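Following: one structure in C-alpha cells, then a few remarks.
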Amino acid sequence: MNYKNREQYKHLMRVLAVAAIVLLECAVFSVFWDRYYASHLWLEPFWDKGNQIIVVIYGIFLLVFMYIYGGMKIGYMKGSSIIYSQMMTAFCANALMYLQIILLWRHLPYILPMVGMTLVDFALAGIVSWLFEKTFARLFPPREVLLIYGEYPMESLELKMNQRPDKYIVAHKVSVEVGEKELCRQIDAYGQEGVILGDLHSELRNRLLKYCYAKEIRVYLTPKLSDIMVRKAEALHIFDTPLLLARNSGLSFDQRFCKRLLDLLVSTILLVITSPIMLIAALCIKLYDHGPVFFKQKRLTIGGKEFYVYKFRSMIVDAEKDGVARLATKNDSRITPVGKVIRATRIDELPQLLNIFKGDMSVVGPRPERPEIAKEYEESIPEFAYRLKVKAGLTGYAQIYGKYNTTAYDKLKLDLMYIESYSILEDLKLILATFKIVFTKESTEGLEEGQTISLNAKEEEKKDV
C-alpha cells in the first residue's frame with residue numbers, strides 16, 4: 001500500500017486514538033463516581049440514567065479540553081507534547097468535575113479519590129498516547145519532501161523540519177535558478193510525497209502551486225502577508241463573478257464591546273485568584289536586593305498609542321542604565337535569581353492584569369512592543385505596524401504558537417492570523433491554552449548571544465513580493 005492510500009486512514013486512526021482515551025478515562029471516572037461520590041448527593045442518589053448523564057458530561061469536558069490543548073493531534077504533534085496535552089486535559093476536566101460534585105454534595109467532597117483518579121488518567125493517557133504514537137510511526141513513515149527555494153536559502157525552516165524526523169525528511173533541495181521546466185521535472189522525480197515552496201516570488205509560486213494541484217501533490221508553503229489578509233475574506237455572490245471582501249478594519253464595534261467585557265471579567269477574576277502569588281513574588285523581589293518590586297515601561301497598543309506596562313522586576317536595578325533597549329538573552333547576567341523563577345513561570349507578567357483592567361491592554365492580543373524596538377522592526381518590516389489594529393495582549397496567538405526568540409516577521413504573521421480570524425471563542429481557547437505553555441521551557445527562553453528577533457527581517461520582507 002503506497003503512501004497516498006495509507007494517508008486516508010490517518011484521520012480514522014486519530015479518531016480511534018481519541019475515542020480510546022476518552023472511553024478509558026470515562027470508565028475510570030464511572031468507577032470512582034460510583035464508589036466515592038454518587039451515594040453522597042444532596043437529596044438522593046441518581047438513577048442509572050442520571051449516573052450515565054454525569055459520565056457523558058465528563059466525556060464532553062474531556063473532548064473540549066482535548067481540543068483546546070491539542071490532545072487530539074496524535075500523530076501530528078511530538079509524542080511528549082501529546083502526553084503533556086492529555087495530562088492537561090485530564091487535570092482540567094477533573095477539576096471542573098470536582099467543582100460540579102461540590103454543588104451536588106451535602107458537604108465538601110473527598111478530594112483524595114479525585115487526585116487518585118487524575119493520576120490513573122495520567123498513566124492511561126500516557127500509555128495509550130505512546131502506543132498510538134508508535135503505531136502512527138510504523139503505519140505512516142516520515143514524508144520525503146522536495147524543498148524549492150528562491151533567492152534566500154531556507155536553512156531556518158529546514159532546521160525546524162529536521163527536528164521532526166518522525167514527520168518529514170527533506171530528501172532533495174533545488175533552487176529556482178534551474179528554471180521552471182527543470183523544477184517541474186524535479187517535482188515529478190522527488191516531490192510525490194510533498195513539495196515545500198519556500199521564499200518564491202508570487203508569480204512563480206502560483207504556477208508551481210497549480211502544477212502540484214493538477215498532479216494531486218501535497219504542497220507546504222510559507223504564507224506571505226497578503227495570503228494571511230485574504231485568509232478569512234468574505235465570499236460575495238452579488239454578481240456571477242466571484243468576489244472576496246477583505247474588510248481590513250480590525251475588529252467591529254460589537255467585537256470590541258464583547259472583547260472588553262471579557263477583559264474585565266477575566267482580569268477581575270485573575271487578580272483575585274493570583275493576589276497571594278503576587279504578594280509572595282513582591283516579597284521575594286524586595287527581600288533579595290531591597291530594590292523596587294515593580295517596573296514600568298513604555299509600550300505600544302492599538303493605533304500606536306503609548307502606555308506604561310506594569311511588570312514584576314526580574315532584572316537588577318538599572319539594567320538599562322546606558323539607555324540602550326536590549327531584549328533578554330539566554331543566561332542574561334542582568335536577571336536576578338528571583339527573576340529567573342518568575343520569568344520561567346510567567347509570574348512577572350501578572351501585574352499586566354492591572355493594565356487590562358484599566359483598558360490599556362486586552363487579555364488576548366499581540367505582544368506590546370517598546371516604541372524604539374518597534375521602530376527598529378518597522379525600518380525593515382513596514383508592515384509590523386499592522387499588529388496595532390487591535391489592543392496589545394497579555395497572551396496571544398504569537399505568544400502561544402511562537403517562542404520568545406521567534407523572528408519579528410514570523411510573529412507578525414502569527415499576530416495577523418489572529419486579527420484576521422478573530423472570534424470571542426478563539427479568545428477563550430487562547431486564554432485556556434495559555435496555561436499549557438506556562439511551564440514550557442522553549443516559550444520563555446531568551447535569545448542567543450548576538451541574536452535579535454528581527455534577524456533576517458530585510459530578507460523576509462523581500463520574500464513577500
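The values are calculated or read from the model by the stated rules, or taken from the named source; none is laboratory data. Predicted, not measured: the structure shown is a model, and the values here were computed from it. Positions of Cβ are generated from backbone atoms using ideal geometry, with glycine treated the same way; all protein chains shown enter the neighbour counts.
Overview of values
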| quantity | calculated |
| --- | --- |
| Tally of residues being closer than 18 Å to LEU157 by Cα and touching a helix residue (DSSP H, G or I) at 6+ places or on another chain (Cβ under 7 Å) across segment 175-192 | 1 |
| Pairs where the first residue, in segment 374-399, is closer than 12 Å to LYS411 by Cα and the second is part of a loop (DSSP other than H, G, I, E, B) and at pLDDT 90 or above, C-beta under 7 Å, 6+ apart | ARG387/PRO366; GLY396/GLY365; GLY396/PRO366; GLY396/ARG367; ALA398/PRO366; ALA398/ARG367; GLN399/ARG367 |
| PHE257 being more than 25 Å from the chain's Cα centre (by Cα), at negative phi and of a type in the set (Phe, Trp, Tyr) | no |
| Scan of segment 271-305 for residues that are loosely packed, with under 14 Cβ neighbours inside 10 Å, touching a Leu at 6+ places or on another chain (Cβ under 9 Å) and under 12 Å from ILE342 (Cβ atoms), ordered by number | ILE277 |
| Some residue of segment 258-267 being over 24 Å from GLY393 (Cα atoms) and aliphatic (A, V, I, L, M) | no |
| Per-region count, segment 58-76, residues assigned to a helix (DSSP H, G or I) and closer than 24 Å to ASP427 by Cβ | 10 |
| Lone unmet requirement of (1) within 19 Å of TYR76 (Cβ to Cβ); (2) without any contact (Cβ under 8 Å) to a residue 60 or more places away in the chain; (3) not assigned by TED's automatic domain parsing to the domain that holds VAL22 for TRP130 | (3) |
| Those helices (runs of 4 or more DSSP H) lying entirely in segment 349-432 with at least 1 residues among the acidic types (Asp, Glu), out of contact with any Asp or Glu (no Cβ under 7 Å at 6 or more places or on another chain) and surrounded by 21 or more Cβ atoms within 10 Å (Cβ to Cβ) | 408-420 |
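Results for (1) in contact (Cβ under 8 Å) with a residue 60 or more places away in the chain; (2) surrounded by 13 or more Cβ atoms within 10 Å (Cβ to Cβ), shown as yes or no for each residue.
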{"position": "GLY191", "(1), (2)": "no, yes"}
{"position": "GLU203", "(1), (2)": "no, no"}
{"position": "CYS212", "(1), (2)": "no, yes"}
{"position": "ARG231", "(1), (2)": "yes, yes"}
{"position": "GLU234", "(1), (2)": "no, no"}
{"position": "PHE239", "(1), (2)": "no, no"}
{"position": "GLN255", "(1), (2)": "yes, yes"}
